[in-house]
Every structure is written in structure tokens, then in C-alpha cells.
Amino acid sequence: MTGQATGHTTGVDAGIGLLVRAALPALPVVNLLPGIRKTGSGDLAGLARTRPPLEIRREHVTAYAAVCGFPEKDTVPLTYPHVLGFPLHLQVMTDPGYPFPAMGSLHLTNAITAHRAIAIGETVEVGVRPENLQPHAKGRTVDFVTEVTSAGELVWEARSTYLRRGPAGDPGSAGAPSGPVFDEVETSGVTWSLPGDLGRRYAAVSGDRNPIHLYALTARALGFKRQIAHGMWTKARCVAALENRLPDAVTVEVAFKKPVFLPGRVAFGSKPTDTGYAFALSDPRSGAPHLQGRAVRAEDSA
């Protein structure tokens, strides 16, 4: 692992107590209480987290694969290790030294590199560190780097970029690209119907029980007209549609665009490129983009 870890956690799921702590700093008055009040000034040093070695369990992988559309195999889906790191993301975000409340952060992009397939039954270690706090036209962004090692070998890594909206943005960045630029992809060929309980089903296998994904009532309380699909579910479902065409050592990068409301329908499309595949997810009626992405061989992404 690169970076020094200063915290430790156990368990695969993000417990209810951790989720409550994630919500409290967003509540007026409560957010001023000791232990809840954010004291971080932007220095992310010392916020890295690791978890004890854990064995990849078939029953959990099988449940995750079923929700996301992957076939059952003896290796884990490309996106699966993200859920092993998610409790660590929350631990970092709920630390008083982390500058922003966890609730209200927007997931802008996610890039995963698998260096090889990870076997079910394999024992791995997982670490997460925040870095690269940057001004943005709409606030500030921060990257969360997740690394998975096996017997000291880096086998999987990911970088998630989150946006915290606010007045601290850099006006000079207003005309700058908001993220990676992807090839245009036609998405009129395949549509998927998404049930209203998809967010709850994915929450059960991922541990991400953000209220915006669960029920219309809880989503409306946080500014959405009804519940929305998890961004990492949309990425996983797209990867599942391409899985038999991707190598074991691969980089898959996506940008999350407009939310996917549940229940609903989405249109998927992909096309081969010189280095792999480009793919996208959109609204089948309006064509509004939900996700854009690409997959390339890991050695071509360096």
C-alpha cells in the first residue's frame, strides 16, 4: 500500500451508527456539537484508513453479482472491491478532521484498474486515503483512492472524485472541463427497466444506505423528486454488459452525469475503440446522459 494508514476498521458493511454519524454534520445546530463539528481546514494528512485482512466470501459476491447483472464465477466482478472499500470512505468522511459532511457530496467520476482477477476465497487487505483537494467552479473536489492488495501485491485500485458544492469554488475554473472527455456512443439499442426497490437491493449488498437511494420520501427530504439509483450500480451494470469482452487486467473509467430516477428505464450502448470499448447510459426518451465511460487494457491506461 502506498500512503500511511492511521485508522482501522472491521466488517464489510457500513453500520447504521456510521451512517448516522455521516448525516449529523449536515444538520444545523447538531453540527456544532463536539465530536460532530467539522474541524478540518483542508489538510487531508492522517485520514487514511485500512481494514484487517478479509476473505472474499462467495455468498456475498453471489448476492452482489445478482443485483448488478454479473454471471456467477470463481472470481469477483470488476466493481465488487469498491464495496469492500466503501465503509472506509464513510469512516474518512465522518472523521471531524475531514473538511466536509458526508451527506451532500456528489460522486463525479470513478476509475478502476484491475491488475488481475481476484479469486473468491482469496484473502485481501483494503486501504483508502483522501487526496488532491482542489477548487472547482461549483465548490471543491477531493479524490478517494482505494487500493486492494493480496500477499503484498497490488491487485486492484480505484479513484473516486467527489464534489462538495459551496462558495469555495475557483471562479477561474468555470470554463475548464468538468472531467474526462469520452467518445460519443449511440444508446438506442438496449434498454433496461429498473424497479423502484433497486436502491434498497443494491444498498443491501453494498452497504451504501444513503437515503436518496432508498425511498421517494427520504429522497424528497434531500431535494430529489424520488429515489435515485446508486452511481456505482450504474457503472457495475454497464461493466456487466461488457464483461465477456474485457481482459482481466483492465481500466474502466466513468463520469456520472444526470441521476437515474427509480423506477425508470435507461438505454445502454457501447462501441469498440482502438484501445477497448466506449459505453454510455442515457434516458431513452430525452437522450439525456446518465453515465459515460470507457474500458481499456490496464497497460494502455498508464
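Spelling out what I want: for every residue of the range 257-262, take phi, set θ = phi - 60°, compute 6.51 cos²θ - 1.76 cosθ + 1.60 (Karplus), and round to whole Hz; glycine and proline get x.
9, 7, x, 9, 7, 10
Give me the three principal axis extents of the range 86-160 from the C-alpha atoms, as integers in angstrom, largest value leading.
Between the extreme Cα coordinates on each principal axis of the range 86-160 lie 41, 24, 17 Å.
Taking the Cα centre of the range 171-302 as origin, sum charge times position over the Cβ atoms of Lys and Arg (+1) and Asp and Glu (-1), and report the length of that vector in debye to the nearest 20.
760 debye
Using a Förster distance of 30 Å, how high is the FRET efficiency between D43 and L154, based on the Cβ-Cβ distance and rounded to 0.05?
FRET efficiency, D43 to L154: 0.70.
Quick one: grab the alpha carbon gyration tensor of the range 72-222, order the square roots of its eigenvalues as a ≥ b ≥ c, and give me rounded if a/c is under 1.5, else prolate or oblate depending on whether a/b is larger than b/c.
rounded
Considering amide H positions built from the backbone, and no H for Pro or chain starts, which residues 5 or more places from W156, or on another chain, come under 5 Å of its amide H?
H115, V148
Please report, in whole Å³, the volume per residue of the convex hull around the C-alpha atoms of the range 180-302.
Output value, Cα hull per residue: 117 Å³.
Using the Karplus equation 6.51 cos²θ - 1.76 cosθ + 1.60 (θ = phi - 60°), what ³J(HN,Hα) coupling, rounded to whole Hz, does each residue of the range 82-97 give in order, writing x for Gly and Pro?
So the Karplus estimates, Gly and Pro as x, are 4, 6, 6, x, 4, x, 6, 4, 5, 4, 5, 5, 8, 5, x, x Hz.
Rule-based calculations on the coordinates, nothing more; no lab input. Quick caveat: nothing in here was measured; it's all calculated off a predicted structure. With ideal geometry, Cβ positions are generated from the backbone for all residues, glycine too; neighbour counts draw on all protein chains shown.
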